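Input: a single structure, listed below in structure tokens.
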Amino acid sequence: MSFRTTPSADYVEDVSPGRGALPPRAWYASSDAKSLSLNGSWRFRLSATADAEDDSFAAPGYDAESWAEVAVPGHWVLQGDGAFGSPIYTNHLYPFPVDPPHVPTENPTGDHLRVFDLPADWPADGGAVIRFDGVESCARVWLNGTDIGEFKGSRLPHEFAVGQLLKPTGNVLAVRVHQWSAGSYLEDQDQWWLPGIFRDVTLLHRPAGSAGDFFVHASYDHSTGEGTLRVDSDVDGRVSVPALDIDVATGEPVTVAVEPWSAESPKLYDGELVTAGERVPLRIGFRTVVLEDGLIKVNGKAVLFKGVNRHEWHPEKGRALDLETMREDVLLMKRHNLNAVRTSHYPPHPAFLDLCDEYGLWVIDECDLETHGFTEQAWRDNPVDDDRWTPALLDRAARMVERDKNHPSIVFWSLGNEAGTGRGLTAMAEWIHGRDASRLVHYEGDWDCRDTDVYSRMYASHEEVERIGQSLDGGTHKRRGLPFIQCEYGHAMGNGPGGIADYQQIFERYERLQGGFIWEWIDHGIKHPELGYAYGGDFGEELHDGNFVCDGLIFPDRTPSPGLVEYKKVIEPVRIEADGADGTVRVTNAYDFGDLSHLEYEFFYSVDGFPTGAHTLAVPQLAPGESAEVKLPTAAPDGQGEEVLWTVRALLAADTPWGPKGHEVAWGQGTVAARTPVSVTASQRPARGEHLITLGPGTFDARSGRPTSICGVDVTGLRLDVWRATTDNDEGASWQDDTRYGVLWRKLGLHRMQHRLDAVELGDDALTVRTRVAPAAAEVGLRTEYRWTSDGTLLKLTVSVTPEGDWTLPLPRLGIRFGIAADSAREVLYFGGSGEAYPDTRAASRLGQWMPDIEHMQTPYVRPQENGAAADVRWAELGGLRIEGVPEFWFSARPWTNEQLDAARHLTDLTPGDTLWINLDHGQHGIGSQSCGPGPLPQYFLKAEPAEFSFVFSNHE
Ligand code: GAL
């Protein structure tokens, strides 16, 4: 039986895009036509269902005094301290039964009301439109009691003609927003479900003769150096570009010498479109994007994308971003050497694209379309393969293309994400190709490349990418002729992503590979009073995907994570490498277009990690792809047994719009002289007392052989450690069962190793403690011998590990750990690699002496996990101890145990204790990208095999 109480809410489940909206057009801010922002505080009433309330609230005179208020733009679930419901996070599961186009009866519905007066100078003549830049997921609109239409397409603009309805004062704008609608089936992106009017609402005056839609065609011919401009406009007018002496009629092409636009050198020319009734500012960038010789070429050159996927995110405002936050994103990207952004998975706020034009980023603009949840039913009933939905898909494509077509930064239109394949997608691609031949079409789900101009994949392994590079991947005839990009790779969830340097080398090796986009830009953590940042499940969701929503290169507060620092190094546009051992440096220009004239170079030598004076270094001008060998002009200092290194830094020579003079773009290091590791002559004999054994500056518990004090510093719990608080990438994704080492390690019991004491032996010159370290219920184990020696001043520990049994798994880590009093060690001084690094995330680790405090040695991953290791540490000093490694070691120190770290769900679960726990590791397992992609490459596995490593302790006070 079909039964509806209020037929008026039927549009919610209608597959059509809506009713009443004007055709889509270019988005612009007029120079002279008036506009009125309707952002601000609106009256708000929340209902549990779509039809709980009638439409009387939309009538003028309705008294909404008793209603709550919400901020527009905003999401109601992030306002009202929980009074307006909660956010829901699912990756691809629809949080409602899949029965398209039906949605649940429980359909949170927010009535929004705003009363406004026209400004005194609002012209009496002409028309007006109201523009909604983004409403999730479906809205019905009334102005002054008149129903003006309804729409879906959350991250797309919708305009309504309202001139005839406006009054000078007391206009009542009523908007009913439904969380769920047929449109929700098309918006199954991996992100929070956040209803609301989350982008601007604006009233625009439309004078008689105002510009309507227009299309700026600005191409560049690299063989002549000329640009051709033609502005097609619905309303005739003139186009002027003073700097180019252009003044032509709309529709008329003009060709002049220009400087082209590129992400590296984003030259924009200010122009104006003048119609009878309006002046519209234009920012024109001349560039030509083509597919030629199987490559994506811009202005005649193949481009290498060094990109990232960006969702819109703010930890308090969700997807309601202000301009400064958008600018921060762009500046952070530019300062970290990124040159491209995919607007995953919907068109962003238009102001973001203005910033990409201005600062220079290549853009893949993606349509607001994802139907990923249909994968749960083998893609049956997928809307993109059902003609009834095609008008909605074409509407979405048109709203994106028409809104954004005048941005030079956009080189690709993307049909959407993870929507399977189908006739609807083909229809979108055909429409887009017909409407805008000046850009290429992208869609990852189309592995046959039926509809696309590029072969695009996500999370393909290094090996597969290499085969694609060699064109050994097969595929359709069409695909074989196309270039390749990874639209998503390097899953930046928690600690990681690992292996991106290896990808970059492959991208650079094969012409067909035109780079990739890291997944993703920012952790979508929601600021929470008790939890710090909330993720999926923290709002009691029925279905959720936990912290899979926190997988960005920057933390929710936009602090760069080590992953971004690593990426910056991996994609640096100038490579500075050692070239032989004689202090010759090879500098390579890795830009696609530009020379290096905006850079200057500094170099210095360091001795034992400590820099000696800095000098400038002259580097010849290099064209893209060219290298030069540069001899360091001053002789290296004599290190007298200490390690001597050179470091060269490439810095901005002058302020740029995105970075100040002196900003470091790239760096390189090389070794001039290796260190002579400390040696200890075992001259002391251990002596046994009643409870203690003494050996030089060490005392040991006589029964267990464990040290109680080392060089005057009390220590506790020194033992072999193989466990690390599993990272998201260790844990892997649910569909990768056989290689999820985080899960397999725990199953084997590596987090609960037992330490059996076999012998405490006092020799002539050594104390030897023999143990076997193994998990309950398993036959595998690690025979572990701790051998202590001393020359009276120094105390040396040599650890030998011999695996027993059939080890089929790598180890998480291999080293020792011990505790010292936390209040004795607030900071550390060490000589080793800067920042956090692991075997496959160490490109940005720069050798030097560093002095972090303990707090800054912790990386605040939203879900706590192994973090903060420094690589290649030669020596470290803390709490009165100096520790030298033979060989170098991985160093971390934290005011909680690895077990506490492992158990924590949020950072607020961790409170510093009295003991500082220090890990000195001989080995760490790689990080990889398995939380959504391939695990670490084999060369980064920490295999269970015989190992021996030493630490020399001394007192440094
Ligand atoms: C991809 C998807 C993204 C995101 C990512 C995992 O499959 O396109 O939206 O879900 O995986 O974080």
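Classify region 290-569: rounded, prolate or oblate, from the alpha-carbon gyration tensor (a ≥ b ≥ c, eigenvalue square roots; a/c under 1.5 rounded; otherwise prolate if a/b is larger than b/c)? The shape class here is rounded.
Computed about the Cα centre, the dipole magnitude for the chain is approximately 1180 debye when only Lys and Arg (+1) and Asp and Glu (-1) carry charge, each at its Cβ. A 1.4 Å probe run over the protein chains yields, for the chain, 36 Å² of accessible area per residue, whole-number rounding. Calculate, for residue 855 and residue 821, the FRET efficiency according to 1/(1 + (r/R0)^6) with r their C-beta to C-beta distance and R0 25 Å; round to the nearest 0.05. My answer for the efficiency is 0.90. For the chain, with all protein chains in place and a probe radius of 1.4 Å, 49% of the accessible heavy-atom surface sits on carbon or sulfur. For residue 631, the aspartates and glutamates whose Cα falls under 18 Å of its own Cα, not counting residues fewer than eight places away in the same chain, are 577, 579, 582, 600, 602. Using heavy atoms of the protein chains and a probe of 1.4 Å, the accessible area assigned to residue 489 is about 0 Å². Please work out whether region 837-957 counts as rounded, prolate or oblate from its C-alpha gyration tensor, where a ≥ b ≥ c are the square roots of the eigenvalues and a/c under 1.5 means rounded, while otherwise a/b larger than b/c means prolate and anything else oblate? Here region 837-957 falls in the oblate category. In summary, the lysines within cross-link reach of residue 167, defined as a Cα separation below 19 angstrom excluding same-chain residues under 8 places away, comprise 34. State the Cα centre-to-centre distance between region 306-353 and region 385-447 in whole Å. About 21 Å separates the Cα centre of region 306-353 from the one of region 385-447.
Between the listed residues 618, 242, 127, the Cα displaced farthest toward the positive end of the dipole of the chain, a dipole computed from Cβ unit charges relative to the Cα centre, is found at 618. Take 682-691, 894-903 and order them by the average number of nearby Cβ atoms within 10 Å per residue, most first; the result is 894-903, 682-691.
This model, with +1 at the C-beta of Lys and Arg and -1 at the C-beta of Asp and Glu, gives region 10-206 a dipole about its Cα centre of some 600 debye. With the convex hull of its Cα atoms as the shape, region 879-936 has an orientation-averaged projected area of 5.7 nm². The alpha carbon convex hull volume per residue for region 214-287 rounds to 73 Å³.
With 19 Å as the limit, the listed pairs 306/568; 334/569; 334/527; 569/943 have 334/527; 569/943 beyond it between alpha carbons. For helix 323-335, report the angle its Cα long axis makes with the longest principal axis of the Cα atoms of the chain; keep it between 0 and 90° and round to the nearest 10°. Value to nearest ten degrees: 50. The amide H of residue 511, built 1.01 Å from its N in the peptide plane, has no neighbour under 5 Å, considering only residues 5 or more places off or on other chains. As an equivalent ellipsoid, region 572-673 spans semi-axes of 25, 15, 10 angstrom, where each value is the square root of five times an eigenvalue of the C-alpha gyration tensor, largest first.
The values are calculated or read from the model by the stated rules, or taken from the named source; none is laboratory data. Because the structure is a prediction, the values reported are computed rather than measured. Here Cβ is always computed from backbone atoms with ideal geometry, including for glycine, and neighbour counts include all displayed protein chains. Each accessible area value is taken on the protein alone, full model and side chains, heavy atoms only, with ligands, DNA and RNA left out. Shrake-Rupley method; radii C 1.70, N 1.55, O 1.52, S 1.80 Å.
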